[in-house]
Each structure stands twice: as C-alpha cells, then as structure tokens.
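The values are calculated or read from the model by the stated rules, or taken from the named source; none is laboratory data. It should be emphasised that the depicted structure is a prediction, and the values quoted were computed from it without experimental measurement. Cβ placement follows ideal geometry from the backbone for every residue including glycine, while neighbour counts extend to all protein chains displayed. Accessible surface is based on the protein model in full, side chains and every heavy atom, while ligands, DNA and RNA are left aside. Shrake-Rupley method; radii C 1.70, N 1.55, O 1.52, S 1.80 Å.
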Amino acid sequence: MSAHESGSETVAVVVVTYNRADLLPHMLDGLAAQTRAAEAIFVIDNASSDHTRAVLTEQVAAARPGLPLHVTHTAENLGGAGGFHLGVQMAVAAGYDRIWLMDDDVVPAPDCLETLLAQDEDCLMSVREDTQGRLVEKAATRFDLHNPLAIRPKKATVESDYGSREQMPELVELHNVAFEGFMLRRRVVETIGLPDPSYFIFYDDVDYAVRARRAGFRIWAVRDAVLVRQLGFDQQHDLSGWKGYFMYRNLFVVHLRYGENPLVRLKPWLVTAAVVLLSPLRGGRAEARNVIRAMRDARGMRRVPPPSVD
C-alpha cells in the first residue's frame, strides 16, 4: 500500500519571505488553521530589513498547534528562486513526501491542504483568487515554446480560459505554475532536481514546470484548493529598472534552454535588437542597457541544471 493510499503522506510547507512583516502573520494564520496540518513549515527569511525577524521570533515562541516552524534567516537576499531552492532542499533532506511552496502574501483556505492531498498526483497547483473572491489564477494552460512568432509564450491562463472558479472543471492541466501554492512529491525533485537559484526572481517557477513536464510529470490545478492573494499582480514592471533586467534575462533563458526549434531559440536576440532599435521611442537608454545586459547574461545560463538535490 502506498503512502497516499494509507493516508500517511507527510507534508512540508516551504515559505519564502522578504520584507513582508505585516502580511506574513496572515499567511501563517492560514497555515495554522488548516483542517489537515503540515508536519513541518520551513520559513526562509531572505535577509529582510524590516521587522520580519521579530515577527518570526514571536511566532516560534508562541508554538501554536498546526504551525511547526523551522526558520532560517539568510545572510543575504537569495531572491525568491534562491529561497525556494534552499527550502525545497531542506524539505527533501528531511524526508517529507510532499512539499507545498508558499509565498508570503497568500492565505490558504482552511481546507486547501486537505483538498490537495485528496489528489493522487505528483504536481498540483492551488487556485488563486483575490480578496474579493475573483479568480486570478495566471498559471498557463498554454505556454508556447514552438511558434517563433509567439512573442509572449504564455498564450492562455486558468483565468482567461474560465473567468471564474465556478466555470472550472475539478482539475485543469497546466503548462506552468507559480510558486504560490504549488505542491510536488519528493520524487519530482529526485527526478529533475531543485529549483534553479540563478534566476533570482521571475521565471524560476516556469523553468521548474517545464523541466517537470519534460520529465513526464503532469501538472494539475485543483479548482477547490483555494488560495487568497493579498496583493494585486504587478508583473508589468518598469522594464528600464532592476526588475526589468530580470524579466528580460530570465525570459530569454527559458527560450534558450527550452525553445523547441532554432527559430524560437533565436527570439531573444531578435527581441534584444527590437528593444534597442525602438529605445528612442519607448524605454530609453536604460531599457536598452537592460536588454543588452540581459541577453549577454542569459547566454551564460543556457545549461539546464543537473538533476541534483544537493
């Protein structure tokens, strides 16, 4: 009898936080209120400069039922990618069967974990809504790395396909995920390795989903596993700023690593040329410098990480 069949699968939650001391307690309250408690919660504090350390010290001292905290304060900000790399590594080393990845600005519904565990699948995704109950699940149902004319590879999402949770079937197959409510079995990590910390922020979750699917794992969004997002999406960053550099670089890396034909793998160079040529009209010199640096650095990240858990 498998661990799932016997109902004995163990679960570790990995939470990565950075300067969200006022939101973090709400997220931890949500974990403490789960109808099925996790066996361990690994919190990676990415060298926060606000009062996150004090919040976590207080939470550990409270020793609340359903909140078995293991806190790590990093010496420097590893980014979301580095934080999840470290947290997943710790959870796998500790021997847990399933690992549930969580950001610091989401709150799971009380039965979210129990609902996920009812599915005998290796890769699962909670379905996000905003604080008004509107569906905001932006995980891709179609992510195109085959068509060289697809400037944006994300062609459809759960939100765009269905509009509301009520319109969704119980399970929806995904092409990529967000590290906000994504659950995986340890055998996924043992097969494809850890999340790639070199992304720092953005696209580390997309990269991981592509690797999982290429290894034969299917990914399912679970309609009734509700996760409430406390903040709005702000992915349309100023592409001339520091986040814009990572947006360009990491999108380029995904194309260079996983583009399904030479024309798709050529797209980052074409995008770079177009941004530079159009920079006098939009973006200016700062965005042009960003995209040139992003293209240069992406070339050095073309190698897919080896499937190691060390």
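Some values worked out for this structure:
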{"item": "Charge dipole magnitude, Cβ of K and R +1, D and E -1 - the chain, Cα centre, debye nearest 20", "result": "1680 debye"}
{"item": "Spherically averaged projected area in nm², based on the convex hull that wraps the Cα atoms of region 55-134", "result": "7.2 nm²"}
{"item": "Selected from P195, P280, P169 as most flexible by GNM, with the chain as the system and alpha-carbon contacts under 10 Å", "result": "P280"}
{"item": "Relative contact order, percent, the chain [alpha-carbon distance under 8 Å, six or more residues apart]", "result": "19 percent"}
{"item": "Cut-off under 5 Å, modelled amide H: who pairs with V13 long-range", "result": "A40, I41, F42, W100"}
{"item": "The chain: projected area of the alpha-carbon convex hull, averaged over directions, in nm²", "result": "16.2 nm²"}
{"item": "D (Stokes-Einstein, µm²/s), Kirkwood Cα radius, region 127-227, 1.002 mPa s at 20 °C", "result": "149 µm²/s"}
{"item": "Most mobile of D161, D97, D207 in a GNM of the chain (Cα contacts under 10 Å)", "result": "D161"}
{"item": "The chain - accessible surface per residue (Å², probe 1.4 Å)", "result": "44 Å²"}
{"item": "Under the Debye formula (equal points on every Cα, no solvent term), log10 I(q)/I(0) of region 1-124 at q = 0.09, 0.17 Å⁻¹", "result": "-0.24, -0.83"}
{"item": "All-pairs Cα distance distribution in region 211-310, expressed in whole percent, bin size 10 Å", "result": "14, 33, 30, 20, 4"}
{"item": "Under Karplus coefficients 6.51, -1.76 and 1.60, residue-wise ³J(HN,Hα) of region 28-42 in Hz, glycine/proline x", "result": "5, 4, x, 5, 5, 8, 4, 5, 10, 6, 6, 6, 8, 10, 8"}
{"item": "Check: region 259-310 dipole with +1 on Lys, Arg Cβ and -1 on Asp, Glu Cβ, in debye", "result": "220 debye"}
{"item": "Computed P(r) (all Cα pairs; region 239-293; 10 Å bins; percent)", "result": "28, 50, 21, 1"}
{"item": "Carbon/sulfur fraction of accessible area - the chain, other protein chains in place, 1.4 Å, %", "result": "53 percent"}
{"item": "Span from the region 193-232 Cα centroid across to the region 92-133 one, whole angstrom", "result": "12 Å"}
{"item": "Cα-based shape type of region 181-237, given that a ≥ b ≥ c are square roots of the gyration tensor eigenvalues and the cut on a/c is 1.5", "result": "oblate"}
{"item": "Karplus-derived 3J(HN,Hα), 6.51/-1.76/1.60, for each residue of region 302-309, Hz, glycine and proline x", "result": "5, 6, 6, x, x, x, 10, 10"}
{"item": "Built amide H within the under 5 Å cut-off of H175, gap 5+", "result": "A140, T141, R142"}
{"item": "Options N46, V16, V106, ranked by Cα towards positive dipole end of region 1-140, top entry (Cβ charges)", "result": "N46"}
{"item": "For region 65-181, size of Cβ-based charge dipole, Lys and Arg +1, Asp and Glu -1, in debye", "result": "440 debye"}
{"item": "Computed over region 102-169, Kirkwood Rh from alpha-carbon pairs, angstrom", "result": "13.9 Å"}
